[in-house]
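The next block holds one structure in the form of structure tokens; read it before the comments.
The values are calculated or read from the model by the stated rules, or taken from the named source; none is laboratory data. Keep in mind that what you see is a predicted model, and the values were worked out from it rather than measured. Cβ: placed from backbone, ideal geometry, glycine included. Neighbour counts: every protein chain shown. The area values use the complete protein model at the heavy-atom level, side chains included, leaving out ligands, DNA and RNA. Shrake-Rupley method; radii C 1.70, N 1.55, O 1.52, S 1.80 Å.
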Amino acid sequence: MRNLIAKLERGDGDRDAIETYLSSHPDDPRLHFMLGSVLVEQGDAIAAHGALERAVVLAPEFHIARYQLGFFELTSGEADRALSTWGPLLRLSDENYLRKFVEGFTFLIRDEFPAAVVKLREGVALNRENEAVNDDIRLLVSQVEKLAQTHAPTNMADEGDKGDTDQSATSVLLGQFGASRTQH
């Protein structure tokens, strides 16, 4: 299994190898997480969601799997589901990068762009475990900053249907960012 993990860390996802290991170790959440990551990159959204969800069911404290599942849900247009998935991560220490990322995404969902950027940057500064996730968050921050410039806050009393437009802008951003990112 170490060879498989090493290959996956290099980005050499091998679905068949993971499934072979899973047949011998069906309750290993790491394997379900790895499979989910590979499936996301292959564009098999339904199977990817199932594998990531299985990893979290098997190991509720597998925080990176929970984060990835929520991120996948968010970028798939399921903000409420992502927030529910991420709920336990908000109980982590205030010094945990995953908590900061979730706080940032929560602000982003509400179109509170400056606060989202602050929290996402705090998460990057705290994350010493996964540089690939930091790279993806930095990319997202740059996109959020562009979005914030083009969608200045409006007066709620005058907003009318503009709220749908703002939500669509955030949704478009997340859709462009895609669920295939940060799957490392």
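General observations
- Selection over the stretch 24-43 of residues that are among the acidic types (Asp, Glu) and either within 17 Å of GLU78 (Cβ to Cβ) or assigned to a helix (DSSP H, G or I) (or both) gives a count of 1.
- Test result for THR20, surrounded by 16 or more Cβ atoms within 10 Å (Cβ to Cβ) and of a type in the set (Val, Ile, Thr): no
- The number of residues in the stretch 54-72 being surrounded by fewer than 20 Cβ atoms within 10 Å (Cβ to Cβ) and under 13 Å from the mean Cα position of the chain (by Cα) comes to 2.
- Taken over the stretch 99-142, the criterion of being of a type in the set (Lys, Arg) and open to solvent by 40 Å² or more (accessible area, probe 1.4 Å) is satisfied by ARG99, ARG110, LYS119, ARG121, ARG128, ARG138.
- Some residue of the stretch 74-81 being at pLDDT below 95 and of a type in the set (Ser, Thr, Tyr): yes
- Number of positions in the stretch 70-87 that are touching a Lys or Arg at 6+ places or on another chain (Cβ under 9 Å) and among the aliphatic types (A, V, I, L, M): 1
- Tally, over the stretch 23-53, of residues that are open to solvent by less than 30 Å² (accessible area, probe 1.4 Å) and among the β-branched types (Val, Ile, Thr): 2
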